[in-house]
Amino acid sequence: MRKHQHILWIFVIALLVPGLVLAQAWAGKGRAEGQVVDSQGKPIEGAKVTLQLPTADNQGPDPLTTNKKGRWGYLGLDGGVWTVSIEAEGYLPSQGRLQVNPFAAAPPIRIALEVSPTYSIETGDALLQAGDYAGARADYETALPALNEDAQGRLRTRIGETYLQEGNFAAARA
């Protein structure tokens, strides 16, 4: 009988140990949710959202991506101040902090990402090569405000080239 009890205890311990080892220092009963949009308020689908809890050695759940409405959400978070990082192709990355309360739902956060000037210039160059001069010009003009004066001058030359290719010589000179 004693031998069977011994085997039973070994079996019980073998079942419990993996659960203890796999316990997450960042896990709890809190939740966080939000929406990622562009500067015009349009949802950004596929943005990567990463949460890390500094008090848990910057660990956290696996990153997730936003849905077609730009929404994201996490359940099972420990209370505290979390670091939120958001990345999306064509946009400057964003990082901030989020307070998670395990006893009350926090209001959803809304994060607006700014277009990456480098990405706008690259897509503008591709459109220029493809003959879409109006599209290239729109992408170039999106990048202008984020550039210094010298870079703006070089980009204005490309904008002039789009007008030149369309035969609008007055706009090209301007």
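The values are calculated or read from the model by the stated rules, or taken from the named source; none is laboratory data. Please read all numbers here as calculations on a predicted model, not as lab measurements. Reconstructed Cβ throughout: ideal geometry from the backbone, glycine too, with neighbour counts over all protein chains shown. These area figures cover heavy atoms from the full protein model, side chains too; ligands, DNA and RNA do not enter into them. Shrake-Rupley method; radii C 1.70, N 1.55, O 1.52, S 1.80 Å.
Which residue out of L155, L75 is touching a residue at least 24 places away in the same chain (Cβ under 8 Å), part of a strand (DSSP E or B) and either open to solvent by less than 40 Å² (accessible area, probe 1.4 Å) or not hydroxyl-bearing (S, T, Y) (or both)? Before you say what the answer is, go through the steps one by one.
Details: L155 fails: part of a strand (DSSP E or B).
Every option except L75 fails the conditions.
Go through region 138-150 and count every residue that is open to solvent by less than 30 Å² (accessible area, probe 1.4 Å) and farther than 12 Å from E122 by Cα. Walk me through it before giving the result.
Residues of region 138-150 open to solvent by less than 30 Å² (accessible area, probe 1.4 Å): 140, 143-144.
Restricting the remaining residues to those that are farther than 12 Å from E122 by Cα gives 144.
Of the residues in region 138-150, 1 are open to solvent by less than 30 Å² (accessible area, probe 1.4 Å) and farther than 12 Å from E122 by Cα.
Show the residue pairs meeting these rules: Cβ distance below 6 Å; 6+ apart or different chains; first residue within region 29-49 and closer than 24 Å to G80 by Cα; second residue of a type in the set (A, V, I, L, M) and open to solvent by 70 Å² or more (accessible area, probe 1.4 Å).
Pairs that qualify, where the first residue is closer than 24 Å to G80 by Cα and the partner is of a type in the set (A, V, I, L, M) and open to solvent by 70 Å² or more (accessible area, probe 1.4 Å), are R31/L75.
Tally up the residues in region 87-130 that are free of Cβ contacts under 8 Å to residues at least 40 places away in the same chain, in a strand (DSSP E or B) and over 17 Å from the mean Cα position of the chain (by Cα), please.
Within region 87-130, the first condition is being free of Cβ contacts under 8 Å to residues at least 40 places away in the same chain, and the residues that meet it are 90, 92-97, 99, 104, 107, 116-130.
Cutting the leftovers down to in a strand (DSSP E or B) gives us 94-97, 99.
Checking which are over 17 Å from the mean Cα position of the chain (by Cα) leaves us with 99.
Number of matching residues: 1.
Name the single residue that is surrounded by the fewest Cβ atoms within 10 Å (Cβ to Cβ) among those in region 36-53 being of a type outside the set (A, V, I, L, M) and not in a strand (DSSP E or B).
Taking region 36-53 as the starting set, the residues that turn out to be of a type outside the set (A, V, I, L, M) are 38-43, 45-46, 48, 50, 52.
Among the residues that remain, those that are also not in a strand (DSSP E or B) are: 39-42, 45-46.
Values: S39: 11, Q40: 7, G41: 10, K42: 10, E45: 14, G46: 13.
For region 36-53, the residue satisfying everything is Q40.
Can you work out which of the residues in region 54-72 that are among the polar types (S, T, N, Q) and assigned to a loop (DSSP other than H, G, I, E, B) is surrounded by the most Cβ atoms within 10 Å (Cβ to Cβ)? Write out each step before concluding.
Looking only at region 54-72, we keep the residues that are among the polar types (S, T, N, Q), and these are 55, 58-59, 65-67.
From the residues that got through so far, the ones that are assigned to a loop (DSSP other than H, G, I, E, B) too are 58, 66-67.
Values: N58: 11, T66: 23, N67: 14.
So the residue we want is T66.
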